[in-house]
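Below is one structure, written out as structure tokens; the observations come after it.
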């Protein structure tokens, strides 16, 4: 069993953890950048699925299995993004209710 350091009064975090948290914050990307990256990734999957459908329709691709996989990936990623958005909106509304 590890012995934990004494926590500081102001933050509730030990000094070492506070320093590493600050360093991670400076090095890490912001919430906006992370969210933008996820949205870009979902958009790329949608574009790949559309390109696969076009290639199937024009006869460039004969393997329908690959097209279905691309469509499924795009669908799942879009649904996940929408659920994450719904949770964020729900959390925002809850925070706004708490402030009143």
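Summary table
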read-out	value
Single condition residue 85 does not satisfy, out of (1) exposed (fewer than 12 other Cβ atoms within 10 Å of the Cβ); (2) assigned to a helix (DSSP H, G or I); (3) modelled with pLDDT under 95	(1)
Where residue 76 falls short, out of the listed (1) surrounded by fewer than 10 Cβ atoms within 10 Å (Cβ to Cβ); (2) modelled with pLDDT of 95 or more	(1)
Within segment 54-73, considering residues that are assigned to a helix (DSSP H, G or I) and touching a helix residue (DSSP H, G or I) at 6+ places or on another chain (Cβ under 6 Å), the one surrounded by the fewest Cβ atoms within 10 Å (Cβ to Cβ)	73
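The values are calculated or read from the model by the stated rules, or taken from the named source; none is laboratory data. It should be emphasised that the depicted structure is a prediction, and the values quoted were computed from it without experimental measurement. When we count neighbours, we look across all protein chains shown, and the Cβ atoms used for this are built from the backbone with ideal geometry, even at glycine.
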